[in-house]
Amino acid sequence: MIYEAESGDIEICLTGESLISRKLSVFREEYFLKLREIILNADVSFSNAECLFQDYADYPNTYAGGGSGQGTYMAAPPESIEELRWLGIDIVSTANNHASDFGDQGIISNLEFLEESGMPHAGTGMNLAEARAPAYLDNPKGRIALMAAADWGPRGTGAEPWPFPMGVMAGEQSPYSIGRPGCNLVRHKTKFTVTESVYNELKKLGESLFNVIEQNQQINLFGSTFVVGKEFSMETIAEEEDLEENYKWMRDATKMADWTIFSFHNHGASNSPELPSSHTRTLAKGLIDNGADIFIGHGPHRDRGIEIYNGKPIFYSLGDFILQNDTPQWIPYDVMKRFGLGHSDTPSDFHEERKKRGWNSRVEGWESAIATCKFTEKKLREISLYPIDLGMGLPRSIAGRPVLAEPGSEVNERVLKRFQDMSKPYGTEITIEDGVGKIKVS
């Protein structure tokens, strides 16, 4: 063996959502530094940068976070890139629902700050080819390719399509036009199966109010498709073009790199907050079939189960890793006004008002885990899950920064039990060793 990378040995660390707006490198708690040590000791460490590195020089979009009307304009000081690097993060995804918080120019500024810092990134670009294309990171253990995407369609349990601001999906170049900055989006629709009596009522509604005519024994209404069945069910179906284009780029990445990771920011509709959408499962398995070594999901701000598919790990979601979305310095007036606030109110007034309405009130958003994947001879051998605590209920100036949850603590045990329960339906067994979740792969 001449080259170290020929061994096929590597340890890859995965983290979930990084909504960063404050310093990291000044802190020195024991369990914070232990967390950093785990991230630094991995050969490669990944995070989803769910923020825009932004100096407030760009104009805010009408809605933040993809169109909820009450979301955070998730601006992070540009120096936050170096803070993530200090923590041990080597490569980031930029495809998520906050990508367009500051419009097209905000996407461009984010890319420029990342490029200036030398941080590899994937998921957004100056056109669709750039947004879909892999980013590469050279490493002694082998070259790593990262692809990243977000989904665009119905949210929650199948509501109307999420109203992303126009232009958030990157546009392709052509002989006739330049491309458009934006995100690698996987578009999807919802298909509901309903009983015959309900179907007939929907059919009558569609014909009477919206001039919708039944076609091929289905009705297209409210952005969704309805068909007749014996019982009620729901599935989400990804746009075939988006699937195939991502598979194509994954095949390209396998020829250019030794290791391939796909990051997917998925909010899409599912039957339960703990379950991934059906289009996410389709995408994950399709990517592995086309060469991906790791599929890492995030987006619902909570953990979901882990599946081992053809010897490769699918993390349907790792939850929040850094949750500092209530300390960005400035808040656009549009969203202040939606909360009944005026020019005399301040950003902290906005955050307090939003907190009263239940913002960030779920415990699942304040605890999660980071994961390390160990490969030897190109085979996945072990996954380790390290629970983290983000300080739910602490003052805004403290909360949101992760520390390792101490073994035996309530948070540690609750996180690992949650992963055990959510992963069991996929046939994944998680044992617990000294407060660390272990998945052994033969």
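The values are calculated or read from the model by the stated rules, or taken from the named source; none is laboratory data. Values in this document were obtained by computation on a predicted structure and should not be read as measured data. All Cβ positions, glycine included, derive from the backbone under ideal geometry; neighbour counts span all protein chains shown. Please note that ligands, DNA and RNA were not included when accessible areas were found on the heavy atoms of the full protein model with its side chains. Shrake-Rupley method; radii C 1.70, N 1.55, O 1.52, S 1.80 Å.
Here is how the numbers come out for the structure above:
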| item | result |
| --- | --- |
| Coil-residue GluC sites (Glu not before Pro) of region 353-409, DSSP, other Cβ within 10 Å capped at 14 | GLU377 |
| GNM result for the chain, Cα springs below 10 Å: residue of LYS204, LYS191, LYS378 fluctuating most strongly | LYS204 |
| Modelled FRET efficiency - R0 41 Å, LEU33 with GLN217, Cβ distances, 0.05 increments | 0.10 |
| Cβ-Cβ FRET estimate between SER397 and GLU429, R0 fixed at 41 Å, reported to 0.05 | 0.50 |
| Total formal charge among the other residues, if their Cβ is under 13 angstrom from that of ASP151, Lys/Arg +1 and Asp/Glu -1 | +2 |
| Hz values of 3J(HN,Hα) by residue in region 295-307 - Karplus curve (6.51, -1.76, 1.60), Gly and Pro given as x | 10, 10, x, 6, x, x, 6, 6, 7, 9, x, 10, 10 |
| Zone of GLU172's modelled label, taken as backbone nitrogen in region 109-125 under 20 Å from a point 7 Å along Cα→Cβ | 123-125 |
| 1.4 Å probe accessible area per residue over the chain, in Å² | 43 Å² |
| Label corresponding to volume of the Cα convex hull per residue in Å³ when calculated from the structure given, among [x] 155; [y] 180; [z] 170 | [z] |
| Of all accessible heavy-atom area on region 18-174, the percent that carbon and sulfur account for (1.4 Å) | 52 percent |
| Label-point separation in nm, GLU413 to LYS438, each point 7 Å along Cα→Cβ | 2.0 nm |
| Whole-Hz ³J(HN,Hα) from phi, Karplus 6.51 cos²θ - 1.76 cosθ + 1.60, for region 348-363, glycine and proline x | 5, 4, 4, 5, 5, 5, 5, 4, 4, 8, x, 5, 6, 9, 8, 4 |
| Local electrostatic count at GLY311 - Lys and Arg +1, Asp and Glu -1, tallied over other residues with Cβ under 11 Å | +3 |
| Of ASN271, ASN246, ASN310, the one that fluctuates the most in a GNM where the chain has Cα springs shorter than 10 Å | ASN310 |
| Region 307-442: radius of gyration and largest Cα-Cα distance (Dmax), Å | 19.1, 62 |
| Within the accessible area of region 348-422 (1.4 Å probe), percent carbon and sulfur | 50 percent |
| Most fluctuating residue given options ASP303, ASP421, ASP258, as computed from a GNM of the chain linking Cα atoms under 10 Å | ASP421 |
| Ranked packing of 126-137, 154-165, most packed first, by mean Cβ within 10 Å | 126-137, 154-165 |
| Taking region 60-161 and dividing mean pair separation by its residue count, relative contact order in percent (alpha carbons under 8 Å, at least six apart) | 22 percent |
| Fraction of antiparallel bridges per DSSP, the chain only, in percent to nearest 5 | 55 percent |
| Alpha carbon centroid spacing (whole Å) that separates region 131-207 from region 23-57 | 29 Å |
| Sites matching GluC sites (Glu not before Pro) across region 1-89 that sit in DSSP coil, with at most 16 neighbouring C-beta atoms within 10 Å | GLU29, GLU79 |
| Sulfur and carbon atoms: percent of accessible area, region 247-308 [1.4 Å] | 48 percent |
| Helix-only mean residue ellipticity at 222 nm for the chain, each DSSP H run of n ≥ 4 adding -39500 (n - 2.57), per residue, nearest 500 | -8000 deg cm²/dmol |
| Estimated FRET transfer efficiency (MET1, ASN310; beta-carbon r; R0 35 Å; 0.05) | 0.85 |
